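Notes follow the structure.
The values are calculated or read from the model by the stated rules, or taken from the named source; none is laboratory data. Bear in mind that the values here come from a model prediction, so they are computed numbers and not experimental data. Cβ coordinates were reconstructed from backbone atoms using ideal geometry, including for glycine residues, and neighbour counts include every protein chain displayed.
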Amino acid sequence: MIGSLNEKVVEKLLTYPPQAWCRAYFDTVCENYGVENNFTESVNKWILEPRGKPIIKMLEEIRIKVMNQLREREDEVRFWATEFSPKSMQLYNEYRKIAKKCKVHFNGDYGYEITEGLDRHTVSMTLKRCTCRQWDLNGIPCPHAIKAMMYKKLDPLSEMSWWYSKEAFLLTYKNKLQPVRGEKFWKVGPSQAMEPPELVKRPGRPKIKRVREKDEAIKRQGEWASSRKGRIMTCNNCREPSHNVKGCKKVK
């Protein structure tokens with residue numbers, strides 16, 4: 001499908017190991033089929049203001065932000081309406097709707113054959129696996145597994161991964177950062193004292209934005225701007241190419 005849009009993209013993609021981008025090769029240990037760099041981007045945006053400050057000021061502001069966030073996230077988890085995270089329950093409910101449209105065939109042992117439209121998958125209740133691999137990858141029973149459990153009059157939520165539970169999330173936010181007094185009360189030994197580096201004024205305005213990759217688009221004023229490399233210069237005076245107004249020989 002990608003090749004029908006751009007063959008060069010496929011050639012570039014195949015230079016990377018499939019374990020890094022293809023769900024068919026993902027392991028089932030993490031129970032998460034997402035593979036992106038959104039977490040790093042989110043952190044960079046979250047600390048955008050503090051990271052431009054001196055190292056100690058930056059770390060102090062990040063510490064306070066983390067301390068407050070741990071408390072806010074824990075309070076949010078305590079008020080969940082269910083024993084599992086809202087996002088996992090949203091996906092689970094969508095799976096249940098799909099499961100109602102599926103048909104089940106049981107072999108009398110532990111194997112189930114689930115028909116979904118023109119597609120068909122097999123579910124093993126002993127291995128807790130489905131050939132669609134959704135249950136294996138994200139730990140949430142897929143529509144086919146839900147249909148098999150409903151056939152056996154079992155509660156599909158009992159097979160939801162523990163990592164989505166309220167208990168797991170509360171353990172994540174259990175350990176808090178302790179408040180500290182002001183900087184003048186810090187006890188720092190001479191051997192641990194941090195001396196500032198010598199100031200060296202560099203030419204030009206200091207950079208604030210991060211350095212972007214060559215093939216990464218730059219967003220300006222709501223529009224995606226591309227590089228000017230390879231463009232032909234046009235004179236605003238005579239409208240002829242390959243020079244600008246300063247080098248124009250025609251009289252204005």
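Please go through region 43-67 and pick out each residue that is in a helix (DSSP H, G or I), β-branched (Val, Ile, Thr) and under 20 Å from the mean Cα position of the chain (by Cα).
Across region 43-67, the qualifying residues are VAL43, VAL66.
Quick check on this structure: which one of ILE208, ILE218 is under 25 Å from LEU48 (Cα atoms), of a type in the set (Val, Ile, Thr), at pLDDT below 85 and surrounded by 10 or more Cβ atoms within 10 Å (Cβ to Cβ)? Talk me through it step by step, then tell me what you get.
Details: ILE208 fails: surrounded by 10 or more Cβ atoms within 10 Å (Cβ to Cβ).
Every option except ILE218 fails the conditions.
Mind listing whichever residues of region 7-42 are surrounded by 11 or more Cβ atoms within 10 Å (Cβ to Cβ) and part of a loop (DSSP other than H, G, I, E, B)?
Selection gives TRP21, CYS22, PHE26, THR28, CYS30, GLU31, ASN32, TYR33, GLY34, VAL35.
Given the residues ASN68, ASN37, which is the only one that is over 30 Å from VAL180 (Cα atoms) and without any contact (Cβ under 8 Å) to a residue 60 or more places away in the chain? Walk me through how you get there before you give the answer.
Numbers: ASN68 fails: over 30 Å from VAL180 (Cα atoms).
After ruling out the rest, the residue left standing is ASN37.
Report yes if ARG51 is farther than 26 Å from GLU167 by Cα and touching a helix residue (DSSP H, G or I) at 6+ places or on another chain (Cβ under 9 Å), otherwise no. Lay out the reasoning, then the answer.
Numbers: farther than 26 Å from GLU167 by Cα: yes; touching a helix residue (DSSP H, G or I) at 6+ places or on another chain (Cβ under 9 Å): yes.
Answer is yes for this residue.
Condition (residue is outside any helix (DSSP H, G or I), in contact with a Lys or Arg (Cβ under 7 Å, 6 or more places away or on another chain) and either among the acidic types (Asp, Glu) or at pLDDT 80 or above (or both)) applied to region 155-170: is it met by at least one residue? Walk me through how you get there before you give the answer.
So in region 155-170, the residues outside any helix (DSSP H, G or I) come out as 155, 160-161, 165.
Next, only the ones that are in contact with a Lys or Arg (Cβ under 7 Å, 6 or more places away or on another chain) stay: none.
Looking for residues that are outside any helix (DSSP H, G or I), in contact with a Lys or Arg (Cβ under 7 Å, 6 or more places away or on another chain) and either among the acidic types (Asp, Glu) or at pLDDT 80 or above (or both), one finds none in region 155-170, hence no.
What residue, among those in region 99-130 that are crowded, with 16+ Cβ neighbours inside 10 Å and touching a residue at least 40 places away in the same chain (Cβ under 8 Å), is nearest to GLU159 (Cα to Cα)?
Among those that are crowded, with 16+ Cβ neighbours inside 10 Å and touching a residue at least 40 places away in the same chain (Cβ under 8 Å), it is ALA99.
Could you list, in sequence order, the residues of region 107-142 that are on the phi > 0 side of the Ramachandran plot and among the small types (Gly, Ala, Ser)? Quick ask: steps written out before the conclusion?
The first filter runs over region 107-142 and keeps only residues on the phi > 0 side of the Ramachandran plot, leaving 108, 117, 128, 133, 139.
Listed by number, the residues that qualify are GLY108, GLY117, GLY139.
Quick one: in region 126-173, which of the residues that are of a type in the set (A, V, I, L, M, F, W, C) and within 21 Å of ALA24 (Cα to Cα) is nearest to the chain's Cα centre (by Cα)?
Taking the candidates together, the pick is LEU137.
Output the qualifying pairs, or none if there are none: Cβ atoms under 7 angstrom, residues six or more apart or on different chains, first residue in region 142-169 and free of Cβ contacts under 8 Å to residues at least 24 places away in the same chain, second residue among the aliphatic types (A, V, I, L, M) and in a helix (DSSP H, G or I).
TRP162/ALA168
Being farther than 16 Å from SER161 by Cα and of a type in the set (S, T, N, Q) is true for just one of ASN107, ASN93. Which residue is that?
ASN107 is the lone residue from the list that is farther than 16 Å from SER161 by Cα and of a type in the set (S, T, N, Q).
Quick check on my filter: what residues within region 96-120 are under 21 Å from ASN32 (Cα atoms) and assigned to a strand (DSSP E or B)?
none
With the structure loaded, tell me whether LEU70 is among the hydrophobic types (A, V, I, L, M, F, W, C), assigned to a helix (DSSP H, G or I) and under 20 Å from GLU167 (Cβ atoms) or whether it fails that test.
yes
If you scan region 83-121, which residues turn out to be within 22 Å of the chain's Cα centre (by Cα) and among the small types (Gly, Ala, Ser)?
Listed by number, the residues that qualify are SER85, SER88.
Give the number of residues within region 131-156 that are under 12 Å from ARG96 (Cα atoms) and either out of contact with any helix residue (DSSP H, G or I) (no Cβ under 9 Å at 6 or more places or on another chain) or buried (at least 16 other Cβ atoms within 10 Å of the Cβ) (or both).
Of the residues in region 131-156, 12 are under 12 Å from ARG96 (Cα atoms) and either out of contact with any helix residue (DSSP H, G or I) (no Cβ under 9 Å at 6 or more places or on another chain) or buried (at least 16 other Cβ atoms within 10 Å of the Cβ) (or both).
Is it the case, given these coordinates, that TYR92 is surrounded by 12 or more Cβ atoms within 10 Å (Cβ to Cβ) and part of a helix (DSSP H, G or I)?
yes
When only residues in region 83-98 that are touching a residue at least 40 places away in the same chain (Cβ under 8 Å) and of a type in the set (S, T, N, Q) count, which is nearest to THR172 (Cα to Cα)?
SER85
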